[in-house]
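Participant: Below are the structure tokens for one structure; questions will follow.
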Amino acid sequence: MTAGLRSVAMWIGRVFVGRRARWVYLVLAMALASQSAGFRLHTFLVTRKVHAVIDGLSQVRIDITTEEQLVKLVPSLVLAQTRQVESGIERSYRLEISNDYQRSLRWMPSILLSFGHWKNVSPIDFKSKWDFLGLPLNLEYLLGWRNLAFSASVTTRNGSVSATYYDLEPDVPTGFPKSYLVVVRNVHAFWTDRARIPVPVHSYR
């Protein structure tokens, strides 16, 4: 009986701590480290794109910046719509920058994806933003992935900028309706100033 137990122990030792097992552990560790480095590098590059757009939009002035100047300040904007309005021609420019979690999960085995990306948690019951994440996204966050979703839009009228808008989602998305980390709008304030109408300002924590 003792000899049998010893044989089983030796077999378990060869399987889990033997030379081949150590090579497997090393390969897995290198793969995870490579994936983590890829996540962090991609997030860094996407963040630089977002900063470049925000920097360009910060230089835009309502009724002063022309459409030609806008395209130079924010070259990543794409013309989405052109329409005729009472006061002239109105054009809408838009862009979206995101490191979509669905694309980042392609490397993960399907057995882990079967656990679901999100937990079915009521917004009333959750204690922290991490309660929304399922097992696959929790693993990605441990490896350094972060949700980064940014969108911007600019409206021009008769060749000059008439409105700007951009928003940024939090690092952990909490489903729908979306809760944004940052929302910035810049529009005409002519009538607000004349009528002395209070401008609503909201802050969500």
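Participant: Determine the pairs where a residue that is within 15 Å of ARG61 (Cα to Cα) and at pLDDT 90 or above, located within the range 147-159, has a partner that is crowded, with 21+ Cβ neighbours inside 10 Å and among the β-branched types (Val, Ile, Thr) with Cβ atoms under 8 Å apart, the partner being 6 or more residues away or on another chain.
Facilitator: Qualifying pairs under 8 Å: SER153/THR164; VAL154/VAL74; VAL154/VAL161; VAL154/THR164; THR155/VAL161; THR155/THR164.
Participant: Anything in the range 42-67 that is without any contact (Cβ under 8 Å) to a residue 24 or more places away in the chain and not small (Gly, Ala, Ser)? List them, or say none.
Facilitator: PHE44, LEU45, ARG48, HIS51, ASP55, GLN59
Participant: Would you tally the residues in the range 62-72 being more than 18 Å from VAL187 (Cβ to Cβ) and among the hydrophobic types (A, V, I, L, M, F, W, C)?
Facilitator: Residues that pass the stated criteria total 1.
Participant: Just the residues that are surrounded by 14 or more Cβ atoms within 10 Å (Cβ to Cβ) and modelled with pLDDT under 80, please, taken from the range 7-55.
Facilitator: GLY18
Participant: With the requirement that a residue be of a type in the set (Lys, Arg) and at pLDDT below 70, what does the range 169-189 give you?
Facilitator: LYS178
The values are calculated or read from the model by the stated rules, or taken from the named source; none is laboratory data. All figures in this text were calculated on a predicted structure; none of them were measured in a lab. Positions of Cβ are generated from backbone atoms using ideal geometry, with glycine treated the same way; all protein chains shown enter the neighbour counts.
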